[in-house]
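Down below is the structure, laid out as structure tokens.
What follows is calculated from the coordinates using simple rules that are stated; it is not laboratory data. Every value quoted in this text rests on a predicted model; they were computed, and no experiment measured them. Methodologically, a virtual Cβ is constructed for each residue, glycine included, from the backbone with ideal geometry; neighbour enumeration extends over all protein chains shown.
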């Protein structure tokens, strides 16, 4: 059964395991009582988390791409002449080394 993420107007987040037919059934936040709105979330194609804490390849790839996206946003505030290191890190995270 799928897991859906929800958030209230106060910023509290919660995950519910629900049937697909019930994903938009109204719910309220247990912390403040405000209505919950379903959030867009990534599809989890790899549910593997090993006992030693290692994560599956899909999760690792998603984490690298999320880190690269955050760096691309922060790069906007850096003068172009000083972006060399951050550009290298973004390329490495995206697997574009040497391109």
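Between residue 85 and residue 32, 0.36 nm times their residue separation minus their Cα-Cα distance comes to what?
Residue separation times 0.36 nm, minus the Cα-Cα distance, leaves 14.7 nm.
Which order do the peptides 71-79, 5-13 take when ranked by the mean count of other beta-carbon atoms within 10 Å per residue, highest first?
The most tightly packed comes first, giving 5-13, 71-79.
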_Highest mean first, how do 21-27, 89-95 rank when packing is the count of other Cβ atoms within 10 Å averaged over residues?_
89-95, 21-27
